[in-house]
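Everything below concerns the one structure shown next.
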Amino acid sequence: MTGITGHTRVVAVIGDPVAHSRSPVIHNGWIADAGLDAVYVALRLTGADAAAHLAGLPDLGFIGANVTLPHKAAALASAAASTPAARAIGAANTLFLDDGVWTADNTDAAGLVAGLDLRAPDWREAGSATVVLGAGGAARAAVQGLHAAGAPSIRIVNRTLARAQAVSALCPGAAAFGWGDLAEALDGAGLVVNATSRGLSGGEPLDIDLAPTVPKSIVLDTVYTPLETAFLASARRQGRTALDGLDMLVGQAALSFQRWFGLAPDVEAGRARALETLR
Ligand code: NDP
């Protein structure tokens, strides 16, 4: 990259592993679009004391960072302030300076909702319930974001019931189900979100019978490698609207970009660039 000087503002995605991240392509594309003197790099953070390293980033001149696995909880702990979303989820994917204060946010939650609003704006009215599969970090973000955005009756389904119960505590009225009660959880659902890691390239595919959901239900897979998962292909075969995980990725990126630069980037351009890396 040319044009980098001592004045260039630096942002990073920090995780372990991190070399696979699509975030540099997305953010450097937007930086170029806006003609900013800035650069976005990927940094692998290994070893203990991640929170201390992340807390030191502003002293090194970083204006912000994205934080990915396994350091999202450390990112929250590293900050002097945090948003309600980050506190509710218990993890942060974005660090930024808010009036000079190192602040943690979680834009995964609102990013997922932004993608839904873009591709299926009537998602709230599609059915009488919302089903989130999984109870890990992505599921916590999905549940918090969907609840904050007014999703009807949230049901969390997870292989380990106790973890689903813990996530259900995030929002009043949410119900927890074990995988064996999936059909019951899907009854009347208008939106089904896969936030398990099942379906990732090389792993066990996810294929569920969507008959209990409403015929016009929307199915969203947070997994985006592969982009067209077996779960989405099956949903399409069952006549459902199928949405891939790339809009969530680009949605969270756009909200992070706004935190750092105060600009709303072009999400379709970001998606197109990320898509190139998946081909
Ligand atoms: P975690 O490891 O925290 O959680 C994994 C979840 O998947 C758990 O609920 C686990 O159940 C469940 N699970 C794993 N294997 C199986 C299986 N064989 N059958 C049923 N359930 C299973 O992962 P994350 O929450 O961090 O990530 C989950 C997914 O979300 C990832 O695949 C990632 O690609 C995606 N993601 C996408 C983002 C995007 O921007 N599109 C952003 C962040 C994540 P149990 O509790 O029983 O172990």
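Where does the charge balance sit around Val219 when Lys and Arg score +1, Asp and Glu -1, over other residues with C-beta under 15 Å from its C-beta? Walk me through the numbers on the way to the answer.
Numbers: positive: Arg119, Arg155, Arg198, Lys216, Arg236, Arg237, Arg240; negative: Asp122, Asp207, Asp209, Asp221, Glu228, Asp244, Asp247.
After counting each charged neighbour, the total is 0.
If you take every residue apart from Ala272 with its C-beta less than 13 Å away from the C-beta of Ala272, what net charge results, scoring Lys and Arg +1 and Asp and Glu -1?
On the way: positive: Arg22, Arg271, Arg273, Arg279; negative: Asp33, Asp247, Asp266, Glu268, Glu276.
Net charge around Ala272: -1.
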Item checked: Charge dipole (the chain, unit charges on Cβ, about Cα centre) - positive-most of Val219, Gly202, Thr83 -> Gly202
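Please give the net charge around Asn93, taking every other residue with its beta carbon less than 14 angstrom from that of Asn93, where Lys and Arg add +1 and Asp and Glu add -1.
+3
Could you pull out the trypsin sites (Lys or Arg not before Pro) across segment 175-239 that fall in loop regions by DSSP (anything but H, G, I, E, B) with no more than 10 other Cβ atoms inside 10 Å?
On the way: sites: Arg198, Lys216, Arg236, Arg237; in loops: Arg198, Lys216.
Passing sites in segment 175-239 do not exist.
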Next item on the list: Determine the dipole magnitude for segment 41-197: charges of +1 sit on the beta-carbon of Lys and Arg, -1 on that of Asp and Glu, nothing else is charged, the reference point is the Cα centre, and the result goes in debye to the nearest 20.
Entry: 340
Next item on the list: With an 8 Å cut-off on Cα pairs and a minimum separation of 6 or more residues, tell me the relative contact order of the chain in percent.
Entry: 16
Check: Looking at segment 178-247, what % of the alpha carbon pairs are farther apart than 21 Å?
Finding: 18
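Quick one: accessible area per residue over segment 26-105, 1.4 Å probe, rounded to a whole number of Å²?
Details: 3420 Å² over 80 residues.
On a per-residue basis, segment 26-105 sits at 43 Å².
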Checklist line | Accessible surface ranking that places the most exposed of Thr277, Thr196 first, with a 1.4 angstrom probe | finding: Thr277, Thr196
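Tell me the Kirkwood radius of the chain: reciprocal of the mean inverse pair distance over distinct alpha-carbon atoms, in Å. Mind showing how you got there, number by number?
Working: mean 1/r = 0.0523 Å⁻¹.
Evaluated on the chain, it is 19.1 Å.
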Next item on the list: May I have the extent of the alpha carbons of segment 103-251 along their three principal axes, as whole Å values ordered from largest to smallest?
Entry: 41, 32, 32
Check: Relative contact order for segment 76-166 using alpha-carbon pairs under 8 Å, separation at least 6, rounded to a whole percent?
Finding: 24
Check: Roughly how much of Asp99 is accessible, in Å² to the nearest 10, using a 1.4 Å probe?
Finding: 150
Item checked: Surface share of carbon and sulfur [accessible, 1.4 angstrom probe, percent] for segment 1-96 -> 59
Next item on the list: Please go through segment 184-279 and write out the GluC sites (Glu not before Pro) that DSSP classes as loop and that have at most 14 other C-beta atoms within 10 Å.
Entry: Glu228
Notebook entry, point to check: Per-residue accessible area for Asp187 at 1.4 Å probe radius, Å² rounded to 10?
Noted result: 100
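Compute the Cα gyration tensor for segment 92-180, then decide on rounded, prolate or oblate, letting a ≥ b ≥ c be the square roots of its eigenvalues: rounded whenever a/c is under 1.5, prolate when a/b is larger than b/c in the other cases, and oblate in all that remain. Walk me through the numbers on the way to the answer.
On the way: a/c = 2.46, a/b = 1.38, b/c = 1.78.
Verdict is oblate for segment 92-180.
The values are calculated or read from the model by the stated rules, or taken from the named source; none is laboratory data. Model, not experiment: these values are computed from the prediction. Cβ: placed from backbone, ideal geometry, glycine included. Neighbour counts: every protein chain shown. Just so you know, the surface numbers come from the protein's heavy atoms only, side chains and all, with ligands and any DNA or RNA stripped out. Shrake-Rupley method; radii C 1.70, N 1.55, O 1.52, S 1.80 Å.
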